[in-house]
Amino acid sequence: MFTSTGSSGLYKAPLSKSLLLVPSALSLLLALLLPHCQKFFAYDLHAVKNDFQIWRLVCGRIICLDLKDTFCSSLLIYNFRIFERRYGSRKFASFLLGSWVLSALFDLILVEAVQYSFGITVASNLPSGFLAPVFALFVPFYCSIPRVQVAQILGPLSITNKTLIYILGLQLFTSGSYIWIVAISGLISGVCYDRKVFQVHQVLRVPGLVAQFFSWALEPIFSSSEPASEVRVGMGATVDIQRQQRMEQLDRQLMLSQFAQVRRQRQQQGGMINWNRLFPPLRQRRNINYQDGPRSEERVSPPLQVSEEQVARLMEMGFSRGDALEALRASNNDLNVATNFLLQH
C-alpha cells in the first residue's frame, strides 16, 4: 500500500493474512448478526479485578467491537506485514504474543496509576480488540524502517514514505475515549520486547513445536502466491515524460530480476559476483523531440564505491553486510530500491 512496505500482497506473510481475515470476519459477525453476544468480548478491567473474570483478558483483547477500530487496525497490520517477511512467521508471532501479554499487565498498571495520581476513575470497558500489539509494532517500524523523503510542503515540512502510516496510527489513537491507555501500554510493551528488557523475548515466545504445528496446519490455508510485477502508469505532464517514466520503471524491474537471479546462483554455487559483467549500466535516454541530431549513447560504469552510511542503515535493519553491499551495487546506491528488494526476497 505504501512505499515503505515493499511489494503489494501478502506473499510470505500467512500470519498477517490470518490476522486480517479471522478477527475482521468475527468483528463483522458480532456487529451485524450477533450483537447480543458482544458482551462476552467486552474488555472490562473492573470485572477482571473484582470478579476475577480472567477470561476477559483473552476474549476482550482479540476481537474489535468497533468497526472503525477494525478497519484502522487491519490497514496497519497489512502495512506491518513487512516484519513477518523479514523476521519469519515464528519470530513475528513471538513479538505479537509477547507484546499482547505484556500490554495486559501494563493496562492494569496504567489504570491504577491514573486513578491513584489524578483521582480519575477510568470507565470499566476499555476498547476491545487486537490493538495493543498493533501499537507495539510502531516501535520496530520507527527504529528499523529508513525514512525516505517523498515530497516537501510548507518549507521545512516534508512527506516521507512513513507519514501516512503514522497518520493512520494517530487516527486509531484518537478513535475512542480510553484507547490511549491501550496505545501507551502497547508502545511500552513493544519497547520492552524490541529492546529485550529483562530478556522477555526469551520467555514470551512461541515454542518450536507449536510453530511447526501451525505452519503445517494453517500455512497452506493462508499462504499467498508471489505477486506479479506491476508497472505503474507514468504521471508526467506530457506523453514524452510519461514514456520516459515507463521506460525507467522497466529498467528498474529488469535490474531487480537480474539481481534476484544472480543472488540465487551465488547461494547455490558460492563465490563472488562480477558486478560489471552481470549488471550493465542503465541506458542513457534522450528525448528525440527536443534534440536536433543523433547522439551516440554513453555508457556509464556502475559505481565501485558503496556508501558506508547506507550500508550501516541496511545492517541496522537486520540485513547482512554482504546482502547490503549487493543490493546497493545493483540499485546504483539507491537506498529505497535496495531496501524494498531486500524486504521482498
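The values are calculated or read from the model by the stated rules, or taken from the named source; none is laboratory data. Quantities reported herein were computed from a predicted structural model and do not represent experimental measurements. Methodologically, a virtual Cβ is constructed for each residue, glycine included, from the backbone with ideal geometry; neighbour enumeration extends over all protein chains shown. Surface areas here come from the heavy atoms of the whole protein model, side chains and all, with no ligands, DNA or RNA. Shrake-Rupley method; radii C 1.70, N 1.55, O 1.52, S 1.80 Å.
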Part-to-part distance (alpha-carbon centres) for the stretch 308-345 and the stretch 1-80, which is given in Å: 34 Å
Cα-based reach from Lys12 at 17 Å (exclusive), listing lysines while leaving out same-chain residues under 8 positions away: Lys91
So, counting K/R as plus one and D/E as minus one, what does the shell of residues with Cβ under 14 Å around Lys49 add up to? -3
Could you list which residues have their amide H under 5 Å from that of Lys12, counting only those 5 or more apart in sequence or on another chain, with H placed in the peptide plane? Ser224
Cα-centre dipole for the stretch 29-110 with unit charges at Cβ (Lys and Arg positive, Asp and Glu negative), debye to 20: 400 debye
Any chance you could run the full-extension gain for Val210 through Glu316? It's 0.36 nm times the residue separation minus the Cα-Cα distance, nm to one decimal. 35.2 nm
Please report the accessible area of Lys91 (heavy atoms, 1.4 Å probe, ligands and nucleic acids excluded) in Å², nearest 10. 120 Å²
To the nearest 0.05, what FRET efficiency results for Ile153 and Asn336 with a Förster distance of 22 Å applied to their C-beta separation? 0.70
Tally Lys/Arg at +1 and Asp/Glu at -1 over every other residue whose Cβ is under 13 Å from the Cβ of Ser24; what's the total? 0
Residue separation between Leu29 and Asp51 times 0.36 nm, minus their alpha-carbon distance, gives in nm 5.1 nm
Integer Hz, Karplus 6.51/-1.76/1.60 couplings in order for the stretch 139-153, x for Gly and Pro: 5, x, 5, 5, 7, 10, 8, x, 9, 10, 6, 9, 8, 10, 10
Counting only residues 5 or more apart in sequence or on a different chain, those whose built amide H sits under 5 Å from that of Val150 are Ile159, Thr160, Asn161
Karplus-derived 3J(HN,Hα) from phi for the stretch 112-126 (6.51 cos²θ - 1.76 cosθ + 1.60, θ = phi - 60°), whole Hz, x at Gly and Pro, runs 5, 5, 5, 5, 6, 7, 10, x, 9, 8, 6, 4, 4, 9, 8
So which chymotrypsin sites (Phe, Trp or Tyr not before Pro) in the stretch 11-72 are both in a DSSP loop and have at most 12 other Cβ atoms within 10 Å of their Cβ? Phe52, Trp55
Restricting to Cα pairs under 8 Å and 6 or more apart, the percent relative contact order of the stretch 79-228 works out to 35 percent
Of the stretch 158-199, those with amide N under 15 Å from the point 7 Å along the Cα→Cβ vector of Ile109 are 181-199
Can you tell me, using C-alpha contacts under 8 Å and at least 6 residues apart, the relative contact order of the stretch 1-147 as a whole percent? 33 percent
Over 23 Å between C-alpha atoms is what I'm after, so list which of Lys68/Lys162; Lys17/Lys196; Lys17/Lys49; Lys17/Lys68; Lys68/Lys196 land there. Lys17/Lys196; Lys17/Lys49; Lys68/Lys196
Give the distance, in whole Å, between the Cα centre of the stretch 110-124 and the Cα centre of the stretch 167-220. 24 Å
Please give the FRET efficiency for Tyr87 paired with Ile62, using the beta carbon to beta carbon distance and R0 = 30 Å, rounded to the nearest 0.05. 0.85
Over the stretch 30-79, with the other protein chains present, what is the accessible area per residue in square angstrom, probe 1.4 angstrom? 52 Å²
Using a 1.4 Å probe on the protein heavy atoms only, what accessible surface does Glu226 show? Give it in Å² to the nearest 10. 110 Å²
Student exercise, the stretch 70-190 dipole from Lys, Arg, Asp, Glu Cβ charges, in Debye to nearest 20: 560 debye
